[in-house]
Amino acid sequence: MDIAGLQKMTLLDFPGRVACTVFTQGCNFRCPFCHNSDLLPAGGEPFMNDEQLLEFLKKRVGLLDGVCITGGEPTMQPELPDLLRKIKDLGYGVKLDTNGTNTKMLQQMVEEGLLDYVAMDIKNSAAAYPETAGMDERLLPKVEEGIAYLLSGKVDYEFRTTVVAELHTEDTIEDMGHWVQGIGNGKKAKRWFLQAFADRDSVLFAELHAPDKEEMARFALKLKPFAEFVDLRGVE
């Protein structure tokens, strides 16, 4: 599998667990606010191979209890389910970060008991999705499949939206909530986090900004009717 990086310990990425974070190479989106722009192209020289990762995890049994798989888009890796089987055999919980476009693989991994938690990015309202995600609009039905599957409650999950001043408004946030609720036939999301954009040198496009604290609070209020729990991240 194309493993592009490893954060050896995190208390933030996997709720309730002391985890490491594994970064995979390649993504089918080109979000202008992406922090991991070096991970977007497929291929390249891997940071480590599966065997090296598993050796690291064997040595951390008892120190870590979770592994977060992020990207890039991890479900672009056909070998992912096989790697997760080996990680689960070591006794770790597994969290997947995904854009939701490969529901077939997601469902397979959930049904096999390979995933304990899924975080799916909801980029924006349906109308603004292609621009916000830098994607072909023909992928939108795939996104909707991923949303519908998580709303079905087969696995513990959260939705999360990175909010960018140039891409999001109160109207698009509300439209996003209506869209997701419609996909779920009126069902509320379990958890939905709004995280403020943070500028870094690795961001794909320059001149983007985070909304201020007051704007983020207003966005959260717009989202509250559509989720059982709404909270902010990255807001000081």
Residues Val18, Val143, sorted so that the one with the fewest Cβ neighbours within 10 Å comes first: Val18, Val143
Degrees, to the nearest 10: 80-89 long Cα axis against longest axis of the chain: 60
Angle in degrees between helix 170-183 and the longest Cα principal axis of the chain, rounded to the nearest 10: 60
Estimated dipole of the chain in Debye, rounded to 20 [Cβ of Lys and Arg +1, of Asp and Glu -1, Cα centre]: 780
Surface/4 estimate of mean projected area, convex hull on alpha-carbon atoms of the range 3-233, nm²: 11.8
Ile147, Ile122 arranged by Cβ crowding within 10 Å, fewest neighbours leading: Ile147, Ile122
Mean separation of Cα contacts under 8 Å (6+ apart) over length of the chain, as relative contact order %: 18
All lysines inside 21 Å of Lys8 as judged from Cα atoms, apart from same-chain residues fewer than 8 positions distant: Lys58, Lys59, Lys86, Lys88, Lys95
Mean-position separation - Cα centroids, the range 113-190 and the range 69-94, in angstrom: 22
Summed residue charge, Cβ within 15 Å of Glu236's Cβ, Lys/Arg positive, Asp/Glu negative: -3
14 Å beta-carbon shell around Glu166, net charge (K/R +1, D/E -1): -4
Equivalent ellipsoid, the range 189-236 (semi-axes from 5 times Cα gyration tensor eigenvalues, Å): 24, 12, 8
On Cα atoms only, tilt of 50-59 relative to the major axis of the chain in degrees: 80
Loop sites in the range 61-91: trypsin sites (Lys or Arg not before Pro), DSSP, at most 15 other Cβ within 10 Å: none
The chain: antiparallel DSSP beta bridges as a percent of all, rounded to 5: 20
Gain upon complete extension [Arg138, Lys59; 0.36 nm per residue less C-alpha separation]: 24.1 nm
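Each value in this text was obtained by applying a stated rule to the coordinates, not by laboratory testing. Everything numeric in this text was worked out from a predicted model, so none of it was measured. Counting neighbours? That spans all protein chains shown, and the Cβs are built from the backbone with ideal geometry, glycine included.
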